[in-house]
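> Have a look at this one before I ask anything.
The values are calculated or read from the model by the stated rules, or taken from the named source; none is laboratory data. On a predicted model such as this, the values are computed, not experimentally measured, just so you know. Here the Cβ positions follow ideal geometry from the backbone for every residue, glycine too, while neighbour counts run over all protein chains shown.
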Amino acid sequence: MAENLEQQYGASRGATSTELDQGLRSHMLKVYNYMASGVLLTGIVAMYFAQAIVDSPALAQTIFGGPMAYVVMFSPFVMVLVMSFGINKLSTFALQACYWTFAALMGVSLSSILLMYTGESVAKVFFITAATFGSLSLYGYTTKKSLSGMGSFLFMGLVGIIIASIVNMFMQSSVMDFVISVIGVLVFAGLTAYDTQKIKQMYFEGHDTQAMSKLSIMGALKLYLDFINMFLFLLRLFGNRE
């Protein structure tokens, strides 16, 4: 599938294999730069707000207590919806602004979670996640095997995780929490490889420069979500609580 798209793209543009490789590498580098910068921004904001919460319990009550807690919890999700449904209407600059806003809001949302674990375990899990993500994304980029068949299976797994997590909010079962975390790691590990190959395939479908710029941002968003969710599930499994 990917090879056919590559051949069709090259034939339509009259491009050599070397030019195709260079163009693809440039596109994927842009995706990874967006993704890594988003994770970095999230980390900086999370650390800043975590320290602010420690220094000012009143601030913690303001942000995570009462109605404001729902704003902090759901605002990143709202930004994802805005970007997903508005990609054709938003300019590239507006889409970038939405992405950076989303990454910052995620930092605020994650700040309270990071306080639940020791700094050492957070750093350890982060590097485990980075190594795992890098390996899986490289596999998705280099493999000649189509991963499209994984899509529906992974989506079903994602829906299952969401439903099970909601149920466990009431059950408070440590066994179910462990199972959800393990399945969550597996699902987002699979999504990392799947989304990487999907981003690569979308490049060969051929678009104009502005559309490709938007696709690089949306591709970064997908990989960002894969990385962050894998990190959170691994943190639940291996993080040492304060």
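> Report yes if Leu237 is crowded, with 19+ Cβ neighbours inside 10 Å and of a type in the set (A, V, I, L, M, F, W, C), otherwise no. Don't jump to the end; show me each part of the working.
Working: crowded, with 19+ Cβ neighbours inside 10 Å: no; of a type in the set (A, V, I, L, M, F, W, C): yes.
No; evaluated as a whole, the condition is false for this residue.
> Consider Leu158 carefully, then state whether it is in contact with a Phe, Trp or Tyr (Cβ under 9 Å, 6 or more places away or on another chain), closer than 23 Å to Ala36 by Cβ and surrounded by 13 or more Cβ atoms within 10 Å (Cβ to Cβ). Let's see the steps before the verdict.
Numbers: in contact with a Phe, Trp or Tyr (Cβ under 9 Å, 6 or more places away or on another chain): yes; closer than 23 Å to Ala36 by Cβ: no; surrounded by 13 or more Cβ atoms within 10 Å (Cβ to Cβ): yes.
In short, no.
> Looking at Tyr203, is it closer than 16 Å to Met230 by Cβ, in contact (Cβ under 8 Å) with a residue 12 or more places away in the chain and aromatic (Phe, Trp, Tyr)? Don't jump to the end; show me each part of the working.
Numbers: closer than 16 Å to Met230 by Cβ: no; in contact (Cβ under 8 Å) with a residue 12 or more places away in the chain: yes; aromatic (Phe, Trp, Tyr): yes.
Criteria not met by Tyr203.
> For the stretch 178-199, name all the residues that are surrounded by 16 or more Cβ atoms within 10 Å (Cβ to Cβ) and farther than 19 Å from Ser152 by Cα.
Going through the stretch 178-199, the residues surrounded by 16 or more Cβ atoms within 10 Å (Cβ to Cβ) turn out to be 180-181, 183-185, 187-199.
Passing the criteria: only Ser181.
> Then there is this: For Tyr117, only one of the following conditions fails: (1) loosely packed, with under 13 Cβ neighbours inside 10 Å; (2) in contact with a strand residue (DSSP E or B) (Cβ under 8 Å, 6 or more places away or on another chain). What is its number?
Evaluating Tyr117 over (1) loosely packed, with under 13 Cβ neighbours inside 10 Å; (2) in contact with a strand residue (DSSP E or B) (Cβ under 8 Å, 6 or more places away or on another chain) leaves (1) as the failure.
> Where in the stretch 47-139 are the helices (runs of 4 or more DSSP H), entirely inside, with at least 2 residues that are modelled with pLDDT of 85 or more and under 20 Å from Thr192 (Cβ atoms)?
Details: elements: 57-64, 67-86, 92-114.
Result: 67-86, 92-114.
> Still on this structure: Among the candidates Val185, Val175, single out the residue that is of a type outside the set (Phe, Trp, Tyr) and more than 20 Å from Leu138 (Cβ to Cβ). Full working, then the answer.
On the way: Val185 fails: more than 20 Å from Leu138 (Cβ to Cβ).
None of the others qualify; the one that does is Val175.
> Is it fair to say Ser137 is among the hydroxyl-bearing types (Ser, Thr, Tyr) and surrounded by 16 or more Cβ atoms within 10 Å (Cβ to Cβ)?
Working: among the hydroxyl-bearing types (Ser, Thr, Tyr): yes; surrounded by 16 or more Cβ atoms within 10 Å (Cβ to Cβ): yes.
Criteria met by Ser137.
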